[in-house]
Amino acid sequence: MSNTAGICGLIFLGGKSSRMGINKGLLDFHGKPQREFLFELLNNFCDRVYSSCKQADDIPVSLNPLLDALELESPLNGIISAFRLNPSAAWLTVPVDMPFILDSTVAFLIRHRDTQKIASCFYDSEGNDPEPLFTLWEPDAYPLLEAHYQAGYRGIKPFLQHHDINLITPPDVRLHQNINSKDELAAYLARERKP
């Protein structure tokens, strides 16, 4: 079976972006709004791609908005909502504020996928713990995630830390960079768009 078989994509569009002051999905890292860039990127690897959101008012229908099913301020909401939509799929989740999620990094993660584990993800920037938002979740994770939620837990990083997962060293140390403020955005643009 191909390592891309049965994968759906889910883009975490983020919260209120209070530090940024604007919708992070509209930031331009690669010549177009980041939410569109990621949607097109994931379409190269996934059977179908969705955009995780609380409200779909300002999200184009073409980006397949997937409304949160729970009253919960956590990415766990998006993951459970995705599995409730399609429990037999593996779900590749990506955050909208990490500009170094590229074709090469997604391909690397899928190539090193272990379908015998409940999830495959990269080590975080410290090299000890999982990077929880950029993760390939196998269908077997779904009942465990529901149990995690029903037990009153909300975090996905602790969930990954306490289960048997496939941890991968990232191919590019820049992968973990995320853009959460105007200063971080300005520094990224100055560094990456030098003539």
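Here is how the numbers come out for the structure above:
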read-out	value
Tally of residues being touching a helix residue (DSSP H, G or I) at 6+ places or on another chain (Cβ under 7 Å) and buried (at least 16 other Cβ atoms within 10 Å of the Cβ) across the stretch 172-182	2
Complete set of residues in the stretch 142-171 that are crowded, with 19+ Cβ neighbours inside 10 Å, assigned to a loop (DSSP other than H, G, I, E, B) and touching a residue at least 60 places away in the same chain (Cβ under 8 Å)	P170
Residue check, G78 crowded, with 18+ Cβ neighbours inside 10 Å, in contact (Cβ under 8 Å) with a residue 24 or more places away in the chain and not polar (S, T, N, Q)	yes
Condition check for I110: β-branched (V, I, T), surrounded by fewer than 22 Cβ atoms within 10 Å (Cβ to Cβ), modelled with pLDDT of 95 or more and touching a His at 6+ places or on another chain (Cβ under 9 Å)	no
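For (1) over 11 Å from L175 (Cβ atoms); (2) outside any strand (DSSP E or B), each residue gets a yes or a no:
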position	(1), (2)
F100	no, yes
T105	no, yes
F108	no, yes
T115	yes, yes
F122	no, no
S125	no, yes
N128	yes, yes
F134	no, no
P139	yes, yes
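The values are calculated or read from the model by the stated rules, or taken from the named source; none is laboratory data. A quick note: this is a predicted structure, and the numbers were derived from the prediction, not measured. Note: ideal-geometry Cβ built from the backbone for every residue, glycine included; neighbour counts use all protein chains shown.
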